[in-house]
There are 2 protein chains.
Amino acid sequence: MTTYRDVKAAILERIVSREWPPGALIPSEEDLARAHGCARATANRALRELAESGIVERRRKAGTRVALRSARGAVFDIPVVRVEIERAGKRYGYRRLARAEHAADDALIGRLDVATGAPALFVRCLHLADGEPYQLEHRWISLDAAPAARAESFADISPNEWLVREIPYSRAEHAFSAATPEQTERDLLRLGADEPVFVIERRTWLGAAPVTYVRLSHPGARYRMVSRLGDAAA
Amino acid sequence: MTTYRDVKAAILERIVSREWPPGALIPSEEDLARAHGCARATANRALRELAESGIVERRRKAGTRVALRSARGAVFDIPVVRVEIERAGKRYGYRRLARAEHAADDALIGRLDVATGAPALFVRCLHLADGEPYQLEHRWISLDAAPAARAESFADISPNEWLVREIPYSRAEHAFSAATPEQTERDLLRLGADEPVFVIERRTWLGAAPVTYVRLSHPGARYRMVSRLGDAAA
DNA sequence: GAGTGGTCTAGACCACGTT
DNA sequence: ACGTGGTCTAGACCACTCC
């Protein structure tokens with residue numbers, strides 16, 4: 001039986017061998033199905049998945065071509081920080097530094113995408129690995145989207161973990177950057193004089209409603225964010 | 001006609017409304033198909049795609065559950081730098097700073113994953129936006145995988161762009177980090193005294209053969225890498 | 001207009017893993 | 001053992017877009 005994986009591998013093999021170089025036209029679904037002795041749906045799934053991972057580009061009538069790829073689709077997993085630390089074989093530590101309820105001001109509106117005066121909860125906390133500062137978390141939670149957060153002190157559980165358990169989301173936006181830490185941040189993360197921070201920002205939505213904005217900073221010199229390996233490979 | 005998108009949206013809607021909270025069991029493909037009056041294959045595609053974007057988790061026999069999601073699948077596009085600059089409405093500039101052929105030494109072997117003594121080409125160049133340094137590129141190319149690079153001076157075209165045009169790849173690995181620049185880098189990027197760099201590293205393979213390792217550094221305070229918005233949303 | 005991809009259907013068989 | 005997901009088939013109709 002010819003599977004869609006077989007077809008996918010066969011196509012990838014021709015691309016890799018440069019028999020079909022970047023820009024080349026790949027046979028139509030029907031031709032591929034005939035050549036491999038399978039149903040058109042099978043060839044379709046192979047091509048569709050190759051297109052999803054950016055290896056080929058498809059257009060009706062124009063056909064399927066080997067993509068001239070820049071470098072699309074680096075996929076990153078950002079795990080719960082506790083899991084990340086424990087997976088590295090270290091002891092996880094947690095300290096809540098601050099918790100306060102605010103009405104949204106202008107600065108927050110830009111980040112959390114809520115209306116003026118909307119109730120929001122701010123939490124600052126520190127995650128430690130083997131007692132060493134690992135990640136500093138600044139978090140704003142929309143109390144409209146997650147009213148249950150009002151009853152939670154976050155003294156023992158991090159907002160990160162609580163949200164994962166309690167509030168789903170349907171859309172997320174991430175940004176990565178490098179920054180020079182402010183004095184407070186430098187002290188909390190016990191950073192060296194010239195050491196930068198690696199910053200992950202995330203905003204999530206539940207349907208149309210913004211749920212949370214978080215800024216996670218790591219000691220830059222000791223942290224690397226590595227992408228999941230490409231799934232397109234054989 | 002009920003499409004797989006309809007089914008997907010209907011499921012997402014119940015997740016978003018918390019009718020099916022994180023951890024909840026979702027009806028089986030067969031039940032969903034019956035409920036929506038569609039074929040099982042249609043329900044299957046809806047659930048499969050939701051699983052691919054990490055919204056649900058599937059296990060044979062155990063069924064499909066709303067995922068307890070950390071934050072998986074932030075997808076980043078890393079475009080050709082020239083395109084990135086031009087899309088921002090700026091004038092693109094390019095300067096090749098160095099080009100040299102080496103046999104791979106230990107340091108390179110760790111990064112490029114080639115054998116000792118394998119021939120490699122090193123290129124350093126600078127990309128500018130409106131005359132301002134934008135990105136510094138350190139590149140090693142395996143001459144086994146891309147022998148044609150030997151004939152290319154890279155005086156007028158960046159290795160980035162040349163590789164995209166000439167050599168396909170089937171797998172890539174990315175890492176992002178923050179770093180303190182060395183003096184040379186600081187000068188080339190015209191960085192302020194305390195300004196960190198945002199570093200993107202990429203390794204690519206063509207089948208089993210390593211193709212290239214590149215380190216791209218940006219002025220950290222002026223650069224943000226933002227993820228494509230989630231595709232799961234309605 | 002004609003070729004290509006996009007999708008649906010109804011049925012089938014199999015693999016896996018929980019029970 | 002049995003229920004669930006994983007996949008294939010053969011055929012069909014439609015939508016887009018290039019010529």
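The values are calculated or read from the model by the stated rules, or taken from the named source; none is laboratory data. Note that this is a predicted model, so its numbers are computed, not measured. When we count neighbours, we look across all protein chains shown, and the Cβ atoms used for this are built from the backbone with ideal geometry, even at glycine.
Miscellaneous remarks
- Taken residue by residue, the range A:182-204 has at least one member that is of a type in the set (S, T, N, Q) and either closer than 29 Å to B:His174 by Cα or touching a Gly at 6+ places or on another chain (Cβ under 7 Å) (or both).
- Filter pass, A:Val66 being among the β-branched types (Val, Ile, Thr), near DNA strand D (Cβ under 10 Å from one of its atoms) and touching a helix residue (DSSP H, G or I) at 6+ places or on another chain (Cβ under 9 Å): no
- Scanning the range A:61-74 for any residue that is buried (at least 17 other Cβ atoms within 10 Å of the Cβ), at pLDDT below 90 and in a strand (DSSP E or B) turns up at least one such residue.
- Single condition A:Glu161 does not satisfy, out of (1) within 22 Å of the chain's Cα centre (by Cα); (2) assigned to a strand (DSSP E or B); (3) acidic (Asp, Glu): (2)
- Residues that are within 15 Å of DNA strand D (Cβ to nearest atom), among the hydrophobic types (A, V, I, L, M, F, W, C), within 34 Å of the chain's Cα centre (by Cα) and part of a helix (DSSP H, G or I), drawn from the range B:16-43: B:Ala41, B:Ala43
Residue-wise test of (1) at the interface with chain B (Cβ under 9 Å from one of its Cβ atoms); (2) in a strand (DSSP E or B).
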{"site": "A:Thr184", "(1), (2)": "no, no"}
{"site": "A:Arg190", "(1), (2)": "no, no"}
{"site": "A:Asp194", "(1), (2)": "yes, no"}
{"site": "A:Phe198", "(1), (2)": "yes, yes"}
{"site": "A:Glu201", "(1), (2)": "yes, yes"}
{"site": "A:Thr204", "(1), (2)": "yes, yes"}
{"site": "A:Thr212", "(1), (2)": "no, yes"}
{"site": "A:His218", "(1), (2)": "yes, yes"}
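- The range A:33-42, subset surrounded by 14 or more Cβ atoms within 10 Å (Cβ to Cβ) and more than 10 Å from DNA strand C (Cβ to nearest atom), residue farthest from B:Leu163 (Cα to Cα): A:Cys38
- Residue in the range A:138-153 that is assigned to a strand (DSSP E or B), touching a Gly at 6+ places or on another chain (Cβ under 6 Å), under 26 Å from A:Met225 (Cα atoms) and not β-branched (Val, Ile, Thr) present: no
- Applying the set (1) surrounded by fewer than 13 Cβ atoms within 10 Å (Cβ to Cβ); (2) modelled with pLDDT of 90 or more to B:Gly117 leaves exactly one unmet item: (2).
- Candidate set from the range A:7-32 (those that are of a type in the set (D, E, K, R) and in contact with a helix residue (DSSP H, G or I) (Cβ under 7 Å, 6 or more places away or on another chain)); member that is surrounded by the fewest Cβ atoms within 10 Å (Cβ to Cβ): A:Glu30
Yes/no per residue for (1) within 30 Å of B:Asp156 (Cα to Cα); (2) within 14 Å of chain A (Cβ to nearest Cβ); (3) within 11 Å of DNA strand C (Cβ to nearest atom):
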position	(1), (2), (3)
B:Arg5	no, no, yes
B:Leu12	no, yes, no
B:Ser28	no, no, no
B:Asn44	no, yes, yes
B:Arg58	no, no, yes
